[in-house]
Each structure stands twice: as C-alpha cells, then as structure tokens.
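Take a look at the structure set out below.
The values are calculated or read from the model by the stated rules, or taken from the named source; none is laboratory data. On a predicted model such as this, the values are computed, not experimentally measured, just so you know. A quick note on method: Cβ atoms are made from the backbone with ideal geometry, for glycine too, and the neighbour counts reach across all protein chains shown. Protein only, heavy atoms only, side chains kept; ligands, DNA and RNA dropped before computing areas. Shrake-Rupley method; radii C 1.70, N 1.55, O 1.52, S 1.80 Å.
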Amino acid sequence: MLERLEELKEKSEGTLFEEFVEAQVESYKKQKQKELKKANINNKWIDHADELFNLYAQITEEFKPQIEPFVSKVEFVDKREEDALVMFTVTNFKGEAHSLQCADLHTLDDYEKLEDDEFVETLDEEKEEGGVEFFFHRDETVETVKHSDIFHADDPSATLKKVVEPLILELFKKSFDLESLMQKESDMEDH
C-alpha cells in the first residue's frame, strides 16, 4: 500500500495537482495508521485476556477432581463470546451454585472508546496490555491480573495459580455444606 501511495505522489510531481495529491496521500496514511493502531490495541486486549482465560481453565482442571467429592457438580463455563468471561462453577447438594468468574479487564465501553480517534491518540500502543479480573459477584472485583504480571514470569501457570488458589479456596468455602453432604452420603449408603 505504501508503495502505491508513493507512486501516486511521484505521478503528481511537477503537475498542478502535486500539492493536493501529497496532502491527500498523507491524510490517507494517517487515517490508516490510526485504524491499524486501533486494531492492534483491540487485538492485544483480546489476545491477552484469552491467554489468561486459557491458563485459568487449565488451573481449574487441576482443582476439579479435588472439589468433586464434596459437591454435586463442578464445571468450567466458557462465556467468552457472549460476556467476555469464563466461570469455575461449583454446585452443592442443596442446588446452590457459586462461581469464581474471570472477565476481560477491558469493558465494552473501553472497546467502544477505541472508535474515538482522539482517545486512541492518547494511548501508547506498546504500553497497552490486556488482563483479567476475578470476582464472585460482578460488581465486586477480588483480584486484578495484568498479562505482563503472569506472562513475564518464568512459569506463567504457577504464577497465576498462586493468585487463583486462595480464590478457589474461598469458592469452596462458599459452596461447602456439611449437612447436605452428610445427607447425600447417608442416602447413598441406604441404597
């Protein structure tokens, strides 16, 4: 594309149209650079969140068999397409479900702001990064994790696991119901 633009400028050299063509080419280049910057930032935010979601999914697989004996259901729910989040959900024998949710750190508003040229100009493409936030209830973030906090470590999985372990313990505590567990085991012994 840049070669074609330069060719256009060359063709106009020495003509009545030179100044106009050069101005148009420069304006077009600036617009394309803004569009590229927007796309790069947008993709970086999405890719960074996805990498963290995938790592979280792997970590929950390790904890799943440890929790299963104490509850009726344990599942990892992937809602990236609809809600830009994933959930590790535990349901106890009373039917109460609790989730440790992990959502893209950037909101839909942030992504919409990328449509604003002036906003994009304020962003440093190199410094922009994605991340995730963990919560039990949407309006109460319990932990925020940036991509660089995890993926610049020697062992990203172990680094995220250190962040997630106390949260999974908290999820287990929220879900644990000794009375219904005892009743379930008693019912199974009777059969």
Projecting each Cα onto the charge dipole of segment 31-141 (Lys/Arg +1, Asp/Glu -1 at the beta carbon, about the Cα centre), which of LEU55, VAL132, THR91 comes out farthest on the positive side? THR91
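Based on alpha-carbon positions alone, could you give the equivalent ellipsoid semi-axes of the chain from the gyration tensor, as √(5λ), descending, whole Å? It would help to have the intermediate numbers written out before the result.
Numbers: eigenvalues 563, 42, 32 Å².
Output for the chain: semi-axes of 53, 15, 13 Å.
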In this model, which of LYS64/LYS161; LYS11/LYS37; LYS127/LYS162 are farther than 22 Å apart at the alpha-carbon? LYS11/LYS37; LYS127/LYS162
Rolling a 1.4 Å sphere over the protein heavy atoms, what is the accessible area per residue of segment 14-120, to the nearest Å²? 58
Whole-Hz ³J(HN,Hα) from phi, Karplus 6.51 cos²θ - 1.76 cosθ + 1.60, for segment 85-102, glycine and proline x: 8, 10, 9, 9, 10, 10, 10, 7, 6, 8, x, 7, 9, 10, 10, 9, 9, 10
Residue by residue, what Karplus-based ³J(HN,Hα) values in Hz, rounded to whole numbers, does segment 43-56 have, using 6.51, -1.76 and 1.60 with θ = phi - 60° and x for Gly and Pro? 5, 5, 4, 5, 4, 5, 4, 4, 4, 6, 4, 5, 5, 4
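Can you give the calculated 222 nm mean residue ellipticity of the chain, where each DSSP H run of n ≥ 4 adds -39,500 (n - 2.57) and the sum is split over every residue, rounded to the nearest 500 deg cm²/dmol?
Numbers: 8 runs with 114 residues, N = 191.
Dividing the helical sum by the residues of the chain leaves -19500 deg cm²/dmol.
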Positive end of the dipole of the chain, charges at C-beta (+1 Lys, Arg; -1 Asp, Glu), about the Cα centre: which of GLN183, ASN42, VAL120 has its Cα farthest in that direction? GLN183
Which of PHE70, PHE93, PHE119 ends up with the largest GNM mean-square fluctuation for the chain, with Cα atoms connected below 10 Å? PHE119
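Rounded to the nearest 20 Debye, what is the dipole magnitude of the chain about its Cα centre when Lys and Arg each give +1 and Asp and Glu each give -1 at the C-beta?
Values: 24 positive and 51 negative charges, 64 e Å.
For this selection, approximately 300 debye.
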Taking the chain as a Gaussian network, Cα atoms linked when under 10 Å apart, which of GLN58, GLN101, GLN31 shows the biggest mean-square fluctuation? GLN31
With +1 at each Lys and Arg Cβ and -1 at each Asp and Glu Cβ, the charge dipole magnitude of segment 25-129 around its Cα centre, to the nearest 20 debye, comes out at 260
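If you roll a 1.4 Å probe over segment 108-191 with all protein chains in place, what percent of the accessible area is carbon or sulfur?
On the way: 2660 of 5730 Å².
Exposed carbon and sulfur together represent 47 percent of the surface.
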Per residue of segment 30-40, what does 6.51 cos²θ - 1.76 cosθ + 1.60 with θ = phi - 60° give for ³J(HN,Hα)? Whole Hz please, x for Gly and Pro, Karplus curve as stated. 4, 5, 5, 5, 5, 4, 5, 4, 4, 5, 5
Obtain the nm distance between the two label points defined at GLU6 and GLU112 by a simple spin-label model: each point lies 7 Å from its Cα along the Cα-to-C-beta direction. 4.2
Longest principal axis of the chain (C-alpha) makes with the long axis of helix 156-175 (C-alpha) an angle, in degrees to the nearest 10, of 40
How big is the charge dipole of segment 1-64 about its Cα centre, in debye rounded to the nearest 20, if each Lys and Arg gets +1 on its Cβ and each Asp and Glu gets -1 on its Cβ? 260
